[in-house]
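Enquirer: This is the structure, below, for whatever I ask next.
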Amino acid sequence: MVTLIPPCCGDEGKSNGERKIFERLKELELENGYVLHSLGLPKHQSKVYGEIDFVVVCERGVACLEIKGGRVACKNGEWYFTDRYGKEHRKAEGPFAQVIGNMFSLKKVLSEHFEKQPWMRGIMFASGVMFPDISFQAEGQEMIREMVFDNRTENITAYLNGIFDYWETRWHGTPRLLSPRNQKEIADFLRADFTYVPSLGSRLDEVDQRLLRLTREQAMLLDALSFNNHLLIEGGAGTGKTMLAMEYARRECRKGRKILYLTYNKNLARNIADALEEQCGENMKIVNLHALFGEYVTVDLEAMAQDPNQYFTQELPEDVLSYLDGLTEKEREELQYDVLILDEGQDILKPEYLLVMDLLLKGGLEKGRWAVFYDEKQNLYNPEFEDGFQFLTAYPSARFKLCINCRNTAQIGAFNAKMSHTQLEEYLKENGEEVRVLSYEDEQDFQEKIRGLLKELRSEGVSLGDVTFLSPKRLKNSILSQVNLGRFQLNELKDGFQREENEPVYSTIQGFKGLDSKVVVLLDVERIPAALYSKFVYTGCSRARSLLIVMRKETGEENEIGT
């Protein structure tokens, strides 16, 4: 499987031709390999070895690919290229001479950098010219048929092998194959010329701003929200469910309606309340599920201590239901809401909970106005989701699915999909920083790496308040509590939490559901139970907007993290 760097084109690709080839290169059937390209990177980017559209690093060697989209013609030794707007460009140097020159420039750069490495000697270099929009028929001394890819080429892997075969016939000696490790070394060296150059802090700020824009999909859905009383809105992590739920709440609030905005996670409820309090005031109640229940009945501390799960999932909702059933119709009407919004619906869609909601909503679930936002892949608490979903869908409703991830960069999304074994939604395809995997051997090594990481982030202009450590364990049980962070102080996400500019945040993955952070450092991954691994990793990785860092403990065993 090839690794593309960056993993998507972004919105600033140079041409349709390059975009087409990018998609074709995804089809390469190679056990290992890297494809590097400059599509979607800032316009001030330049490479030290000239403009090469694509560089492929694989077992057979290093290949440079030149892409020429649109119409192409060669007349009297000069080349004419017609772009997608019909404008003709004339060049004295043709694409064959250009890519061959760049190939030798790249060979020189790599030979100098790896001159002390024995494996560098004898590496095969190849080059090719790709015409994705035309059937290339031109003949001439400069044209090398074996280097040509055009719109008739069906198998991209066969083409790549073909250009290596051609250049091998011109090679003096036996080519040396590149091991996976050597391929990675070359790709890591070249990677610097395909990534951003401003400070890390400014790069993360730039990506963050691009990710905040509203997608067309979300804007259309907001309009649809106004015309339906019953809404089921599904979306993967980062598709904007909470943002849409908040905007829906604002609009309903402006109409003078009384709103119950319910979450499962108290940290999410607090965050939403901070954002909406001034705009909605007393018209809206924003609260987590169990806190709401506690407003109607006194929590039985003895029963809770004996079996917390049994108490919160069955006994407490039954007590609340009995309380509401015992009210007069007038008393119940005073408690009821015009609109019910369920954020994190996957954790709340449980028959026992929904029976309570039915009594708290004017008109009940059948005739009342409600909207549920959910992602089944983030269901960490509710084994009865399917029963609750069937209960709710017994009432006619409009159903929507959000498919565009507008929180995570392409790098974070691709890494998350691989690590969590989860099929993720489509991305806005914003390029950002590569995901970092930092390995450590023991607590002392972990301490040194975490201190070094925090110092690096701070020196690069990243506010430490924008950094969140996430773990499946509470702080007292995390490896982070076992080390001395020196001058760095952690700000644990708990009751009374206030964000501090210079203090990184600590939270459990569970406690951070529905929230996000510019930078996430994922810890204690190896301590996640196997049955929960996929959901916890999916949730944890997807909390990162612009930079994800994963701490991996070296165990001496094969580990999929970062491979």
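Enquirer: Answer yes or no as to whether residue 120 is in contact with a His (Cβ under 9 Å, 6 or more places away or on another chain) and in the same structural domain as residue 53 (by TED's automatic domain parsing).
Expert: The answer is yes for residue 120.
Enquirer: Is it fair to say residue 121 is under 25 Å from residue 7 (Cα atoms) and among the charged types (D, E, K, R)?
Expert: Considered against the rule, which asks whether it is under 25 Å from residue 7 (Cα atoms) and among the charged types (D, E, K, R), residue 121 comes out as no.
Enquirer: Something else: From the list 273, 303, which one is among the hydrophobic types (A, V, I, L, M, F, W, C), under 28 Å from the mean Cα position of the chain (by Cα) and surrounded by fewer than 20 Cβ atoms within 10 Å (Cβ to Cβ)?
Expert: 273
Enquirer: Restricted to segment 330-366, and to residues that are closer than 21 Å to residue 244 by Cβ and among the β-branched types (Val, Ile, Thr), which residue is farthest from the chain's Cα centre (by Cα)?
Expert: Checking each candidate, the answer is 339.
Enquirer: Across segment 478-536, which residue is nearest to residue 264 (Cα to Cα) among those that are without any contact (Cβ under 8 Å) to a residue 60 or more places away in the chain, surrounded by 13 or more Cβ atoms within 10 Å (Cβ to Cβ) and of a type in the set (S, T, N, Q)?
Expert: Filtering first and then ranking leaves 508.
Enquirer: Related question: Within segment 443-455, identify whether any single residue is within 24 Å of the chain's Cα centre (by Cα) and crowded, with 22+ Cβ neighbours inside 10 Å, and answer yes or no.
Expert: Scanning segment 443-455 turns up at least one residue that is within 24 Å of the chain's Cα centre (by Cα) and crowded, with 22+ Cβ neighbours inside 10 Å.
Enquirer: Turning to a different aspect of this structure: Give segment 92-116 a look and list any residue that's under 36 Å from the mean Cα position of the chain (by Cα) and either of a type in the set (A, V, I, L, M, F, W, C) or part of a loop (DSSP other than H, G, I, E, B) (or both), or say none.
Expert: The answer is 99, 103, 106, 109, 110, 114.
Enquirer: Report, by residue number, each residue of segment 240-270 that is in contact with a Cys (Cβ under 7 Å, 6 or more places away or on another chain) and outside any helix (DSSP H, G or I).
Expert: 240, 259
Enquirer: Give segment 35-64 a look and list any residue that's at pLDDT 70 or above and part of a loop (DSSP other than H, G, I, E, B), or say none.
Expert: Across segment 35-64, the qualifying residues are 51, 52, 53, 59, 60.
Enquirer: Let me ask something else about it. Give me the residue from segment 141-154 that is modelled with pLDDT of 90 or more and within 29 Å of residue 119 (Cβ to Cβ) and, out of that set, surrounded by the fewest Cβ atoms within 10 Å (Cβ to Cβ).
Expert: 146
Enquirer: Filter segment 395-412 down to the residues that are assigned to a loop (DSSP other than H, G, I, E, B) and either under 10 Å from the mean Cα position of the chain (by Cα) or modelled with pLDDT of 90 or more (or both) and list them by number.
Expert: Residues satisfying the conditions are 395, 396, 397, 406, 407, 408, 409.
Enquirer: Only one of these conditions is not met by residue 504: (1) of a type outside the set (A, V, I, L, M); (2) at pLDDT 90 or above; (3) over 16 Å from residue 462 (Cβ atoms). Which number is it?
Expert: (3)
Enquirer: Only one of 209, 279 is out of contact with any Asp or Glu (no Cβ under 9 Å at 6 or more places or on another chain), among the polar types (S, T, N, Q) and modelled with pLDDT under 70; which?
Expert: Result of the check over 209, 279: 209.
Enquirer: Further question: What number of residues within segment 244-270 are buried (at least 18 other Cβ atoms within 10 Å of the Cβ), of a type in the set (Gly, Ala, Ser) and under 13 Å from residue 338 (Cα atoms)?
Expert: Final tally of qualifying residues: 1.
Enquirer: Considering segment 137-169 alone, what residues qualify as being among the β-branched types (Val, Ile, Thr), closer than 14 Å to residue 95 by Cβ, free of Cβ contacts under 8 Å to residues at least 60 places away in the same chain and not in a strand (DSSP E or B)?
Expert: 144 - this is the single residue of segment 137-169 that is among the β-branched types (Val, Ile, Thr), closer than 14 Å to residue 95 by Cβ, free of Cβ contacts under 8 Å to residues at least 60 places away in the same chain and not in a strand (DSSP E or B).
Yes/no matrix, rows are residues, columns are (1) buried (at least 18 other Cβ atoms within 10 Å of the Cβ); (2) closer than 21 Å to residue 316 by Cα; (3) modelled with pLDDT under 95:
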{"position": "366", "(1), (2), (3)": "no, no, no"}
{"position": "382", "(1), (2), (3)": "yes, yes, yes"}
{"position": "388", "(1), (2), (3)": "yes, yes, yes"}
{"position": "393", "(1), (2), (3)": "no, no, yes"}
{"position": "414", "(1), (2), (3)": "yes, no, yes"}
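Enquirer: From (1) under 20 Å from residue 338 (Cα atoms); (2) touching a Gly at 6+ places or on another chain (Cβ under 6 Å), pick out the condition that doesn't hold for residue 273.
Expert: That leaves (2) as the condition not met.
Enquirer: For segment 452-550, list the strands (runs of 3 or more DSSP E) that sit wholly inside it and hold at least 2 residues that are under 18 Å from residue 412 (Cα atoms) and touching a strand residue (DSSP E or B) at 6+ places or on another chain (Cβ under 6 Å); which are they? Steps first, please.
Expert: Details: elements: 467-471, 505-508, 517-522.
Answer list for segment 452-550: 467-471, 517-522.
The values are calculated or read from the model by the stated rules, or taken from the named source; none is laboratory data. Given the structure is predicted, the values throughout are model-derived calculations rather than measurements. When we count neighbours, we look across all protein chains shown, and the Cβ atoms used for this are built from the backbone with ideal geometry, even at glycine.
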